[in-house]
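Chemist: First the structure, then my questions, so here it is.
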Amino acid sequence: MRATVVGGGLAGCEAAWQLAQRGVQVTLYEMKPHKQTPAQSLPTMAELVCSNSLRSDRLSNAVGLLKEEMRRLGSLILREADANRVPAGGALAVDREGFSKAVDNAIRSHPLIDVVEAEVTAIPEGYTIIATGPLTSDAFSTAIAGLEGLSTLHFYDAAAPIITRDSLDMDLVFEMSRYERGADYLNCPMDEAEYMAFVHALQTAETVPVRGFEEKAVFEGCMPIESMAKRGVMAIAFGPLKPVGLADPSTGKMPFAVVQLRRDNFSGSLYNMVGFQTRLTFPEQRRVFGMIPGLAGAEFSRYGVMHRNTFIHSPGFLDETYRVIGKPALYFAGQMTGVEGYVESAASGLVAGLSLACRLQGNEPPHFGGRTAIGAMGRYIATPNRHFQPMNCAFGLIDPYVYQPGQKKIRNKQERYEKISERALVEIEHAVRQMEQ
């Protein structure tokens, strides 16, 4: 049994792992470190843009449920994320370099996985999972676009800057998580005058051109901070700079606005600017972000960048297992399928790898269904939708909670979500038992 996986991101690594763990010989193509995209900086596979990319770890949150489902299905990505976790309140944040190195090592040391460091420019023959991600090279994008029945779409994504803790003025910054859930974040409080000056600077700062793509092409979940500021003077005060739950310990009062910094590595030497995805030029990032209290002398370990994302119109092209309809040997996985986010990408790789392995063994793959987060994501990308757009995992995608006759309706949203999560994990355990038989 042999299969090819193209792409060494989270989806590709997860797919390769699932195949190899079930006895399939895998050839994994990854063009790093010889060639990298504009958003990449590490030589290792499974690179994250920021430490908190894996988001909430609570079962009352849809992506928290998705991660728990993946753990129970034997996810490599979740195993190494848990092993490289750094404090972040109720979120799963990881040391970026440590996580990437751990996944890279697991893949390269697996006896059934051969890593080929080369760019793929044509669709491989035989059983294949394409997981080249939202920054697929131009040559391979052209090959993918040539597949019958496929339309390729583009949008821009933005990554936030990372700064060093040693360069911060800690006399102006306080440690606190929102609503005092630990002290995993650094907070830069602003009064009204400081906020207004900052917003004006954002609105008028020089940006990098988007090369022909209009502002509306930017995915809403990755809206650059300066674009958000242009929507209204208070837009970011009610968005990433909202001060709710962050009373300044020095005054006991809630600031007018707060810029949060989130730990980006295990040692706590690097911090990510929460919600500050941007396409400001590098000099403008130094100037404008330097207006934030505590950041006047900030040293940037990485500036914010804007880069192209590519995704396919999956409905009618892929089924719920991410297999190309009419081409039983070809699968896709990752953000290019229209699942938005690192966790969702890894989950799609898990489903694609697991499903292909089952079929190679002559078995039907597990049907997770819409009562699970992982099944609901597969259903979303496969369901006909004329206005298909990238989507994060959300409870709105999962089948609603069904009340038994006479059962009192659950009014509290968090409790209802927890019930949906409990039901989903029962479904996952059932699927695991079926696969073990």
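Chemist: Roughly to the nearest percent, how much of the accessible area of segment 236-363 is carbon and sulfur, given a 1.4 Å probe? Please report the intermediate quantities before stating the final value.
Modeler: On the way: 2340 of 4140 Å².
With neighbouring chains kept in place, the figure for segment 236-363 is 56 percent.
Chemist: Can you give the extra length, in nm with one decimal, that the chain gains between SER109 and GLN25 once fully stretched, where that is 0.36 nm per residue apart less the Cα-Cα distance? Let's see the in-between values first.
Modeler: Working: separation 84, 0.36 × 84 = 30.24 nm, distance 1.32 nm.
Here the answer is 28.9 nm.
Chemist: While we're looking at this one, here's another question. Could you pull the Cα extents of segment 1-141 along its three principal axes, largest to smallest, in whole Å?
Modeler: 44, 35, 25
Chemist: Show me 376-384, 423-431 ranked by packing, highest mean number of other Cβ atoms within 10 Å first. Could the numbers behind the result be given before it?
Modeler: Working: 376-384: 21.6, 423-431: 17.8.
So the order, starting with the most tightly packed, is 376-384, 423-431.
Chemist: On to the next question. Residues of the chain: accessible area per residue at 1.4 Å, in Å²?
Modeler: Details: 18490 Å² over 437 residues.
Per-residue accessible area for the chain comes out at 42 Å².
Chemist: Give me the one-decimal nm value for the distance between modelled label points at ARG231 and THR204, 7 Å along each residue's Cα-to-Cβ direction.
Modeler: Label-label distance for ARG231 and THR204, simple model: 2.3 nm.
Chemist: With the chain treated as a Gaussian network of Cα nodes joined by springs under 10 Å, which of PHE256, PHE368, PHE276 yields the largest mean-square fluctuation?
Modeler: PHE256
Chemist: If each residue of separation counts as 0.36 nm, what is the full-extension length gain between VAL402 and LYS242 once their alpha-carbon separation is subtracted?
Modeler: Numbers: separation 160, 0.36 × 160 = 57.60 nm, distance 3.54 nm.
Extra length from VAL402 to LYS242 when fully extended: 54.1 nm.
Chemist: If you don't mind, there's one more thing I want to ask. Could you work out the local net charge near GLY275, counting Lys and Arg as +1, Asp and Glu as -1, over the other residues with Cβ closer than 11 Å to its Cβ? Write down the numbers at each step before the final one.
Modeler: Working: positive: LYS242, ARG262; negative: none.
Net local charge, GLY275 excluded: +2.
Chemist: Of LYS35/LYS327; LYS35/LYS242; LYS32/LYS419, which sit over 32 Å apart, Cα to Cα? Numbers along the way, then the final one.
Modeler: Numbers: LYS35/LYS327 30 Å; LYS35/LYS242 39 Å; LYS32/LYS419 43 Å.
The answer is LYS35/LYS242; LYS32/LYS419.
Chemist: Can you tell me the orientation of helix 192-204 relative to the chain, as the angle in degrees between its alpha-carbon axis and the longest Cα principal axis, to the nearest 10?
Modeler: Helix 192-204 and the main axis of the chain meet at about 60 degrees.
Chemist: A further question follows. Please state, as a whole number in µm²/s, the translational diffusion coefficient that the Stokes-Einstein equation yields for segment 290-396 at 20 °C and 1.002 mPa s, with Rh defined as the Kirkwood radius across alpha carbon pairs. Intermediate results must be reported in sequence, preceding the final value.
Modeler: On the way: Rh = 15.5 Å.
Calculated translational D: 138 µm²/s.
Chemist: A follow-up question, please. In nanometres, what is the gap between the two model label sites at HIS34 and THR251, each 7 Å from Cα along Cα-to-Cβ?
Modeler: The two pseudo-label positions are separated by 5.7 nm.
Chemist: TYR179 to THR142: extension gain in nm, 0.36 nm per residue of separation minus the Cα-Cα distance?
Modeler: On the way: separation 37, 0.36 × 37 = 13.32 nm, distance 4.86 nm.
Length difference between fully extended and current span is 8.5 nm.
Chemist: Right, something else. For the chain, what percent of Cα pairs sit more than 28 Å apart?
Modeler: Working: 48150 of 95266 pairs.
Summing the P(r) tail past 28 Å for the chain gives 51 percent.
Chemist: Where both residues lie in the chain, what percent of DSSP beta bridges are antiparallel, nearest 5?
Modeler: Values: 30 of 47 bridges.
Close to 65 percent.
Chemist: Sticking with this one: How far is helix 96-109 tilted, in degrees, relative to the longest principal axis of the Cα atoms in the chain, given as a value from 0 to 90 rounded to the nearest 10?
Modeler: 20 degrees
Chemist: Using a 7 Å offset from the Cα along the Cα-to-Cβ direction at both ARG287 and SER167, what is the distance between the two label points in nm, to one decimal?
Modeler: Taking the simple label geometry, ARG287 and SER167 are separated by 1.7 nm.
Chemist: When the chain is treated as a GNM, springs tying every alpha-carbon pair under 10 Å, which of GLY149, GLY353, GLY406 comes out with the largest mean-square fluctuation?
Modeler: Taking springs between Cα atoms under 10 Å, the residue moving most is GLY406.
The values are calculated or read from the model by the stated rules, or taken from the named source; none is laboratory data. None of the values given here were measured: they were computed from a predicted structure. A quick note on method: Cβ atoms are made from the backbone with ideal geometry, for glycine too, and the neighbour counts reach across all protein chains shown. Protein only, heavy atoms only, side chains kept; ligands, DNA and RNA dropped before computing areas. Shrake-Rupley method; radii C 1.70, N 1.55, O 1.52, S 1.80 Å.
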